[in-house]
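Read the structure below first, then the notes.
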Amino acid sequence: MIRHIKKAQPTTGQGGTDSAVTKAVEALLAKVERGGDRAVRELSVQFDKFDRETYRLSKGEIADCVNSLTRREREDLDFAQDQVRRFAEAQKEALRDLEVETLPGVVLGHRNIPVQNVGCYVPGGKYPLLASAHMTVLTARVAGCERVITCAPPFGGRVAEKIVAAQSLAGADEIYCLGGVQAIAAMAFGTESIQPVDMLAGPGNAYVAEAKRLLFGKVGIDLFAGPTETLVIADDSVDGELVATDLLGQAEHGVDSPVVLITNSEKLAQDTLEEVGRLLGILPTAAVAGKAWEDYGEIILCDTLEEMAAEGDRLASEHVQVMTRDPDYFLETMRNYGALFLGVRTNVAFGDKVIGTNHTLPTNKAARYTGGLWVGKFLKTCTYQKILTDEASALIGAYGSRLCLMEGFAGHAEQANIRVRRHGGRNVPYATAVEPAGA
């Protein structure tokens, strides 16, 4: 039986599209599309209080940002980017071009072609999320994208040096100090000084996410992303302090970030509640994390592992951290999640920052139908076909003409029939709605 020790409040602020946000974003997108660089500058001054003649950083400015890193900071960034690069390279290695002869003389295949121009957004308003540079820029680079540009807002009224350093070290071709909807619009539409991109990637606030949603179709996007979600699945092999730490560590992302515990131990549930209260008294980000816990925190008590896995699949959370005696049971059983973190030795923060898997993941139950950002998102799998013999052309053509006429497509059928007549003679039976020339 499934019971709630703590339920989330019935609020409406999380998981939906606010009509006011949509209208505001539509107006901003239209302004940039019409006004180009002038509109981008006006919006940057309005929203970020940041004014420049050009928002593209020079080579000298970028070098200064990289050189501003301490030796330890540079080593840490290099380590994190190495992990992301290694995993992305291994993923790409698993993606092979294909060619197969399906019938004698009929050859079908596909090629994995990198998206040519990619725009990566790195958030930096509340926190300078430089890890997003690894996850987007590096992954696109490994995929083989020809041009990768980046935008990140200023931080504290100036260029966010560590973000810029991360973008540069990841391999960005152009780096802009631009934030918000104006950055997304500039990359998608292009301006007098910024060439447009073919795809947008990277997380952002509600306005950035809505801009990407509205622009989908004009450009590709990585995925629709909402507030960060974390689910911890745990049994009595762990303690309340560990669980509470991992829940609140992710709740600090934002006041609308859901954090949920599923357990089969009532004692662990109660201990976690107590530890959450204690930790909120000392956590520097308690104002944010505490609000998220109050409104979106849940503790769900189950009787069996089967119930725990089923509840996990129902929630389809972005991050699922499993701390049980047999974490592999959930790896083998669960189907709906953005990323799994298995065992007490790992946690969501490792995935966010350093371990190598991508931290751009599906939210709002999108894990039911998609995974997160990975090297394959920057590749187009494009098919091709070729027919090598007259016999194969006539065979496919005969079937094709009859199938086309089943649907009423006479012109389609004649595309097939002319090849039957030319390559198979009149001995191959086919259907026709048009009298052949010379009949």
What aspartates and glutamates does Lys23 reach when the alpha-carbon gap must be under 12 Å and sequence neighbours fewer than 8 apart in one chain are set aside? Glu210
Please compute the length gained on full extension between Glu192 and Ala94, using 0.36 nm multiplied by the number of residues separating them and subtracting their Cα-Cα distance. 31.3 nm
What value, in deg cm²/dmol to 500, does the helix sum -39500 (n - 2.57) over DSSP H runs of n ≥ 4 give at 222 nm once divided by the residues of the chain? -13500 deg cm²/dmol
Taking 0.36 nm per intervening residue step and subtracting the Cα-Cα distance, what contour gain separates Met406 from Met1 on full extension? 140.4 nm
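Given a Förster radius of 30 Å and the C-beta distance between Lys353 and Asp328 as r, what FRET efficiency does 1/(1 + (r/R0)^6) yield to the nearest 0.05? Can you show the working numbers first?
Numbers: r = 24 Å, r/R0 = 0.82.
Once rounded, the FRET efficiency stands at 0.75.
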If you average 1/r over every pair of different alpha-carbon atoms in the range 162-232 and take one over that average, what Kirkwood value in Å do you get? 13.3 Å
If I model a spin label as a point 7 Å beyond the Cα along the Cα-Cβ vector, how far apart are those points for Thr346 and Gln415 in nm? 4.7 nm
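Which length gain, in nm to one decimal place, applies between Tyr384 and Arg34 when the Cα-Cα distance is subtracted from 0.36 nm times their residue separation? Each step should come with its number before you reach the end.
Details: separation 350, 0.36 × 350 = 126.00 nm, distance 3.88 nm.
Full-extension gain reported as 122.1 nm.
Compute the semi-axes of the equivalent ellipsoid of the range 360-407, taking the square root of 5 times each eigenvalue of the Cα gyration tensor, and list them largest first in whole Å.
Numbers: eigenvalues 333, 59, 7 Å².
Three semi-axes, in Å: 41, 17, 6.
Can you pull the semi-axes for the range 111-247, root of five times each eigenvalue of the Cα gyration tensor, sorted largest first, whole Å?
Numbers: eigenvalues 172, 62, 48 Å².
Taking √(5λ) for each eigenvalue gives 29, 18, 15 Å, largest first.
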By how many degrees, between 0 and 90 and to the nearest 10, does the Cα long axis of helix 266-280 differ from the longest principal axis of the chain? 70 degrees
What shape does the range 277-380 have by the C-alpha gyration tensor, where a ≥ b ≥ c are the square roots of the eigenvalues, rounded means a/c under 1.5, and otherwise prolate means a/b greater than b/c and oblate the rest? oblate
If you line up the long axis of helix 71-93 against the longest principal axis of the chain, both from Cα atoms, how many degrees apart are they, to the nearest 10? 30 degrees
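When ranked by the protection proxy of mean other Cβ atoms within 10 Å per residue, highest first, what sequence do the peptides 289-297, 118-126, 374-382 form?
Working: 289-297: 21.7, 118-126: 24.7, 374-382: 18.7.
Result, highest mean Cβ count within 10 Å first: 118-126, 289-297, 374-382.
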If each of Val107 and Phe216 carries a label point 7 Å out from its Cα toward its Cβ, how far apart are those two points in nm? 3.8 nm
Using only Cα atoms, tell me the angle between helix 305-315 and the longest principal axis of the chain; keep it within 0 to 90° and round to the nearest 10. 70 degrees
If I take R0 = 60 Å and measure r between the Cβ atoms of Glu274 and Arg74 in this structure, what FRET efficiency does the formula 1/(1 + (r/R0)^6) give, to the nearest 0.05? 0.90
Assuming 1.002 mPa s and 20 °C, estimate D for the chain with Stokes-Einstein, Rh taken as the Kirkwood radius over Cα pairs, in µm²/s. 87 µm²/s
Identify all aspartates and glutamates with a Cα-Cα distance to Lys377 below 18 Å; exclude those on the same chain that are fewer than 8 residues away in sequence. Glu89, Glu93, Asp97, Glu146, Asp198, Asp222, Glu318
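Take the alpha carbon gyration tensor of the range 1-134, find the square roots of its eigenvalues, order them as a ≥ b ≥ c, and report rounded if a/c is under 1.5; if not, report prolate when a/b exceeds b/c, else oblate. Display every interim value, and only then the final one.
Working: a/c = 1.44, a/b = 1.23, b/c = 1.17.
Verdict is rounded for the range 1-134.
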Just to verify a number: FRET efficiency for Asn67 and Ala24, C-beta to C-beta distance, R0 = 60 Å, to 0.05? 0.95
Between rounded, prolate and oblate, where does the range 193-279 land on the alpha carbon gyration tensor, with a ≥ b ≥ c its root eigenvalues, rounded for a/c under 1.5, else prolate if a/b exceeds b/c? prolate
Can you give the % of DSSP beta bridges in the range 38-189 that are antiparallel, to the nearest 5? 45 percent
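How big is the C-alpha Rg of the range 50-118 next to the rule-of-thumb value 2.2 N^0.38 Å, as a ratio? Intermediate values should be presented prior to the final figure.
Working: Rg = 21.5 Å, N = 69, 2.2 N^0.38 = 11.0 Å.
For the range 50-118, the normalised Cα radius of gyration is 1.96.
Which percent, to the nearest 5, of DSSP beta bridges fully inside the chain are antiparallel?
Counting DSSP beta bridges with both partners in the chain, the antiparallel share is about 35 percent.
Computed from the coordinates by the stated procedures, all read-outs in this text should not be read as laboratory data. In this text the structure is predicted, and so the values were computed from the model without any measurement. We place every Cβ from the backbone using ideal geometry, glycine too, and count neighbours over all the protein chains shown.
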